[in-house]
Every structure is written in C-alpha cells, then in structure tokens.
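The values are calculated or read from the model by the stated rules, or taken from the named source; none is laboratory data. Owing to the predicted nature of the structure, the values given are computational and were not obtained by experimental measurement. In this analysis, Cβ positions are derived from the backbone assuming ideal geometry, glycine residues included, and neighbour counts consider all displayed protein chains. We work out accessible area using only protein heavy atoms, side chains counted, and drop any ligands, DNA or RNA first. Shrake-Rupley method; radii C 1.70, N 1.55, O 1.52, S 1.80 Å.
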Amino acid sequence: MIGRHPMENRWSRRQFLGRAAGGAVAMPSLAAILAACSKPGENAGGSGSGSASTEIPIATLENPVELPVTMDTIAADTPIESGPLVLYNWADYIHKKVVAEFEEEYGVDVEITTYNNMEEGIQKVANGQVTPDVFVPTVGYLRRLVQKDLLMPLQQELIPNMLASVWPSYSDPGPYYDLGWNYSVPYTIYTWGVAYRRDRVSDEDLAAQGWEALWNPEYAGAISLYDSYGDTIAVAILRNGSLDVNTGDPALIDAAKVAILETINDHEARLTINGVYAKLPAGDFTVAEAWSGDIVGAQWYLPRGTGTDVLGYWRPEPGQTMIGNDTLVVPAEAQRPRLAHEFINFMLDEQHGTDNFVNWNGYQPPFVSIQPDSLIDQGVVPENLSDAVVTEEMFADDLTPIELSPEVEAMWLDAWTEIKAGA
Amino acid sequence: MPEIETSATHDERPRRRLWRRRASVDEPGGASGAWYPRWYWPSFVAPGSLWLALLFLLPFYVVFSVAFGTVDFENFGAPVPYYAPWWWSFDTFNETLSKFYEGTAIYRPPLFRTFAYVFSATVICLVVGYTVAYFAARSATKYKGLILILLISPLWISYLMRIYAWQGLLDTDGPINLLLRPLGFGETNWLEGMHVTVILGLVYGYIPFMILPIYASLDRIQESLLEAGRDLGASGRQTFWRVTLPLSRPAILAGIVIVTLPMFGDYYTNDLLGSTKTSMFGNLISTQREQQGGSTRMASLVLILAVIVLVPMLYYLRETKRAAEQA
C-alpha cells in the first residue's frame, strides 16, 4: 500500500508533463498549418496589414505627411498610473540624473531597456518582445509604425511644454514627417560632420580637407566611420561631391561603396559606434565621421587631465551636410500611457531637457531658450565645438536623410554587405 | 531480530533498492521471468527524441521556411516564412549562393578566410593541445589536478571579458608591443584586421575543448600497454607513435570536431579582435541580422554553412563507426 501512493503520484505527474509537451508541440505546428493554408505572398512586400485603410506615402521635405489618427488619444483627465515607466532607448542616450529626478517627482521607477541599432529596436517593438511606454525611434520609421497601428496618438493637452519650450516650427505646421505632431515630439537634433583631435590636426588644416580628412593616408589607423550603413554611405556620397544623400542612383551608391572600401583597405579606417564619444577622447582616433551630439558628449569621456580644447568638430558650409532629429513616441501597447505623456512633457521642460543635453548626453533639444552664443559664453559647449551647436536656420538649408523606398534600401544594403564582407 | 534488520538495511540500502525495483518491473510477467511491454525499451529514447524534434528539427525546418520565404518591408523587414514546401521560393537562396561565384563574388573572400583561419587554428590547437594534454596525463602525476584546474579556470571568466583583456594586451601602446619593441616589431597594429590576431583569438577561445577530450583519453590508456610496448623492444618514441597515438586517435578526432564546428560559425572573435578585412563566414550572417529585411539571406547563409560543416561531421561519424567496428 505504501508503494502505490508515490506510483500514482508519479503517473499523474507524467501524464501532466506529457500533455504539456504535447501542447507545446501542437501550438507552433498549428500556427504553421494555418500559415501554410493561407497564401503567404499576400502580405509580402505589399501594403501593410494594419487597419489604416490607405497607405501612407513616404514623407519628404517637398511632400510633408500628416500621419492619420486611426485610434483615440487617451482622455486628458486619465489618472497618472503608478510605475514602473518602461523607456526603450538607445544605449547611453539619456542622462541618468534627469531620469532620477523624474522618478523622484512622480514617485515611480523608470526601467530603461536599450538597443544598439534601430533595426533591433523596431523589430522588438513590432513583434511585442518589448512593450515600452516611451520609445525613441528615428524619423524614418514613424510612417510604418503608424501604418502598423503600433503608435498611440498623443494627447497634446498633456504636453504643454511642446508649445512652451520647443521651436514653434515643430508644432505649427510640425515636422515634414509628422505634420501637426499627431504622434511624435522631437527629442534631440544633430548634424553630420567630422570630429577631430585638435592636438594633432589644426582647425585650418581640417577645414581645408573637409570630408576628405576621412580619406587621408596621414591618419591611417586612426580614422573612424560609423558602423551604420545609412550614415556612412551618405557621408561617402557627400565626400564624392554629390548632395543626393537619399540617392537611388546605382552609380552614386557604387562610387560611395568603392570610396568606403578604399579608406578601410588602404588607410585602416575602422567601423565603430563609440568611435567619436569614447575612442576619440581616449586618443585612439584622430579623425572621425561624427554626429554633432557625440562630440559634445565626448568631453565627459576625456582622460583626467586632458582639456576639452583637444576636441574639434568641423561642419560643412550650410546646405552641404545633413541634419536630423530623433523623436519620442508612445507605443500603442503602452501599459502606462498617461505616465508616458508626463515623461515626454518632463523631458521637454526647459530645465530637464537642457540638463540632459549639457551635463552628459551632448545631444541638444530644439528649445527656444537654447542660444548658441549663450551656450558658448557659459562654457557649456567649449568654443572649439561651436560648430556642433544646432540652430533652427540650419534646418532650412541642410540636407535631410529620409526613409528610403524598399528598392533603394536594398541597393544600399547590398553595398554595405560588400563592405562588411571585407571584399 | 529487529536490531539485526535495522543494521542490515542501513548497510545494504543501495543493493536492496535495486533489487526491489527490479522485482516490481518483473511483476507483470509473473513467475515465467522478465516480461516487458513492446514499448518499454524504445520509450527510453523518447525524451531524447522529443528534445531533438523540438529543439533541433523544428527550428531547422523554420530556418528552411525563412530561407525559402520572403520579407515584409512594410513590417520593418520582418521575415515571412513559407512553411508549406509548395510555396517555397528559391530566389533569395540562389541569389545568395551566386554571390559566392558570380561577378565580384563578394561572399568568397570571407569563405576562403574562414577555411584558412579554421584550418590554421585547428592545427595549432591540436599540436599545442596534445602536448599539454600529454604532459598533464603522463609526466605530471603530482601536479595533475593543479594543471587541470589551471586549464579549466579561464572558462570561469566570461569569454567577452577575456577578449577585452586581449584587446588591452594587443593595443598599439600595449604590453605586447612593448615586449616586441627590442625585436623591431614594436609598432604593429594588431587589432587593425590582421590574420594572425584572429587565428590567435580562435586558438585561445577553443583550445580547452581540444585539451580536455585528449587528456581524458590519454589518462585512460593503461600503463601495462605502454610497458608491453617497451618490453617488446620499442623505443619511447616508437611506443608513442605505435601505441599512444593510435589509442588517442578517437579523442583527437572528437577534439577536432568540437573545436572546428563552432569556429566555422564564430563571428565575435573577429568582431572584437579583427576588422572587416578579416570578416569570416559568421560575420556575413551577423551583418544580415543587423539589416532590415536581412533574415531571408541570413537563413540562406545558415543553410550553406550547414552543408559546409556537414562534410567534416560525416567524416567524423564514419571514422568513429569504423573505430567501433575494429574495437
């Protein structure tokens, strides 16, 4: 009798395990069978399967787009949820102290999850692996995020700082990619240029070379390019003398590829992500392709005893380089949408946004109160980095990288694959 | 009586348990002896088979379905796998394959590099690893345990941390160049995409997996066999070539397979110690992973790599089967 009891027990456990395993096998195979029954070509490469009835066109400066609002915003009197607020952001792209201030003011925790490249970030949001309350996409993805019903339209009443602090052009008419700011607010603004070590290259020397500095054999072994196809191919197009930074011309793309391979193979240029903000201050590189925010942030990475005057940033003449901004959005699946609105409003507050910019991140928010001259006078941005400060006028002149069509994107990716294969 | 019984149960507990279990299994057959249902012995394979089906065959089929499917650019380049074989489209696979031989053949240099690196690294692993394993098993009776601990202890630290340490050592201003300066190589940019550095990284990363099986096999060779060899007039060297080496052959093959297969798919060693100039096959795959809509090409490359590593794998299986037949 004593022996029977555990036997029975074991049997029932085994049955349970068996059923559980059976279920685990059945579920994916059921999904597979269902998928096999429907014609797979239907949602491939065509229009999105989201409920937005019309296809949203790709936004350009000439043809700005108002992203359609297909779902309700949250009510302005929604109670503020208790935390935690989930922020899905690039690595090293927000000042921890500012986040701590938000936590203290609202009595909530902020969980920061990071991604290293936009593809990874977008994929995880799109397939639900991460369900953030606030997300930081580049503008080239907004159209598809809305098309797929992945974003929540903003309740503008809850973000008064958009009108109080930010350049008016961002709310009226709004940026070309989101007229009327239905879904996004700008987070940071930046330009593309060349960062360099002023203790090794003089300002005049670098200005005379321009982009060509990244192809100069004198700096062999100390040249950095971003490990990011969109940025680096566009910079190579500029270096080759064209301003068509969204080009679909195979000849221009091929020439850019040849140029990048040349500086990698002949001058030992490196593809990096932290080349500007970490390795240039450490002295590993002499010249680097740079986003302006990276070089401002680089002053926090200088070795002890090295002054900020060793850092330099060259920006081409107006209209000869690219300018852009990143955004803050609330995903449709956000669990704490009201808290997310509060966070966005908090980051657009003059004091918090400026603190985030000058005391660590290096990336500037488009605030009316931030004046290039006062930044330099106050010593917030060293004078030798004055070119890294972004002004509203630059947006009128400079080039704008936009979302590429699938066909053009495929050409850029092919070129990049060849570069990465070390041909 | 009771006293004796308690002491007996205490002493013979393992044996009595075994006996009891056997008896309970025998029971259904009654007095006529052992009887097992038809499914009894095959059922022992079930957990392993289930494991293989769930975690190998099913995912592998998904890789096929992704490779022969398409991607949805509107959905940020997410894969659209074709699970039903009658929908399979071979366009991307063929295009990927053609990049190994057509036109500029952009995938060929990484493929050749991979073969060269894996071959060199395996040879170095074998020569160095065998020597160390032999020393540990034969000569170092006293320090055997210590040597084994020293061999295994690096594995307690994350591979990433150890490679970061190498980055520091190999830096242009690092200690290695400092040591080499008197010899005239003090200015070498080790981390600028040098073949030697990547091969060194591979050897460093995988050599413990070569040493351990060889050590286990050498340690098990009976002393009497070696003594017999010497008794029959063989010199020390001859004993090694004609007794020790043939007996450790299966372990050498196992070691080669264990280090070679992951080396073919390695990409992080080159990411951390090399550059695009030393890209390997694994880097081709990881580049696609970072790209929008790259999953179809990535899966195609995975299938091509699977075919490539199948060749040494089959050779290994044939050799071990032959060795089992001879034994």
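Here the condition is being open to solvent by 50 Å² or more (accessible area, probe 1.4 Å) and farther than 22 Å from A:L61 by Cβ; of A:D249, A:D244, A:D266, it holds for A:D266 alone. Scanning region A:65-84 for residues that are under 24 Å from the mean Cα position of the chain (by Cα) and within 16 Å of A:E333 (Cβ to Cβ) yields one hit, A:P84. Kindly check whether there is at least one residue in region B:260-280 that is part of a loop (DSSP other than H, G, I, E, B), on the phi < 0 side of the Ramachandran plot and away from every other protein chain (no Cβ under 12 Å). Yes, region B:260-280 contains a residue that is part of a loop (DSSP other than H, G, I, E, B), on the phi < 0 side of the Ramachandran plot and away from every other protein chain (no Cβ under 12 Å).
For first residues located in region B:68-84 and more than 7 Å from chain A (Cβ to nearest Cβ), partners that are open to solvent by 20 Å² or more (accessible area, probe 1.4 Å) and aromatic (F, W, Y) and lie 6+ apart or on another chain with Cβ distances below 6 Å form the pairs B:F68/B:Y82; B:F68/B:W88. Return yes or no: is A:A396 part of a helix (DSSP H, G or I), within 22 Å of the chain's Cα centre (by Cα), within 14 Å of chain B (Cβ to nearest Cβ) and not β-branched (V, I, T)? Spelling it out, it is not the case that A:A396 is part of a helix (DSSP H, G or I), within 22 Å of the chain's Cα centre (by Cα), within 14 Å of chain B (Cβ to nearest Cβ) and not β-branched (V, I, T). For region B:319-326, the criterion of being polar (S, T, N, Q), away from chain A (no Cβ under 11 Å), open to solvent by 30 Å² or more (accessible area, probe 1.4 Å) and out of contact with any helix residue (DSSP H, G or I) (no Cβ under 8 Å at 6 or more places or on another chain) is met by at least one residue.
Could you please let me know if A:E62 is within 14 Å of another protein chain (Cβ to nearest Cβ), at pLDDT below 90 and open to solvent by 40 Å² or more (accessible area, probe 1.4 Å)?
Spelling it out, it is not the case that A:E62 is within 14 Å of another protein chain (Cβ to nearest Cβ), at pLDDT below 90 and open to solvent by 40 Å² or more (accessible area, probe 1.4 Å).
Among the candidates A:A259, A:A288, single out the residue that is touching a strand residue (DSSP E or B) at 6+ places or on another chain (Cβ under 8 Å) and open to solvent by less than 10 Å² (accessible area, probe 1.4 Å). Before you say what the answer is, go through the steps one by one.
On the way: A:A259 fails: touching a strand residue (DSSP E or B) at 6+ places or on another chain (Cβ under 8 Å).
The conditions single out A:A288.
Note on region A:310-330: residues that are in a loop (DSSP other than H, G, I, E, B) and either aliphatic (A, V, I, L, M) or surrounded by fewer than 22 Cβ atoms within 10 Å (Cβ to Cβ) (or both) total 6.
Picking from residues in region A:114-135 that are assigned to a helix (DSSP H, G or I), out of contact with any strand residue (DSSP E or B) (no Cβ under 8 Å at 6 or more places or on another chain) and free of Cβ contacts under 8 Å to residues at least 12 places away in the same chain, the one that is farthest from the other protein chains (Cβ to nearest Cβ) is A:E120. Of all the listed residues (B:Y164, B:Y215), the sole one being assigned to a helix (DSSP H, G or I), loosely packed, with under 13 Cβ neighbours inside 10 Å and among the aromatic types (F, W, Y) is B:Y164. Entry remark, region A:209-235: residues being open to solvent by less than 10 Å² (accessible area, probe 1.4 Å) and closer than 15 Å to A:D414 by Cβ number 2 in total. If you go through region A:73-92 and pick out every residue that is at pLDDT 90 or above, part of a loop (DSSP other than H, G, I, E, B) and under 25 Å from B:F76 (Cβ atoms), you end up with 1. The residues of region B:287-317 that are facing chain A (nearest Cβ under 9 Å) and modelled with pLDDT of 90 or more amount to a single one, B:R297. Screening B:L212 against (1) in contact (Cβ under 8 Å) with a residue 60 or more places away in the chain; (2) closer than 16 Å to B:S120 by Cα leaves a single unmet condition, (2). If you go through region B:211-224 and keep only what is of a type in the set (A, V, I, L, M) and modelled with pLDDT of 90 or more, you end up with B:I211, B:L212, B:I214, B:A216, B:L218.
Which residues, counting only those in region B:62-87, are crowded, with 17+ Cβ neighbours inside 10 Å and in a loop (DSSP other than H, G, I, E, B)? Within region B:62-87, B:F68, B:G69, B:F76, B:G77, B:P81, B:Y82, B:Y83 qualify.
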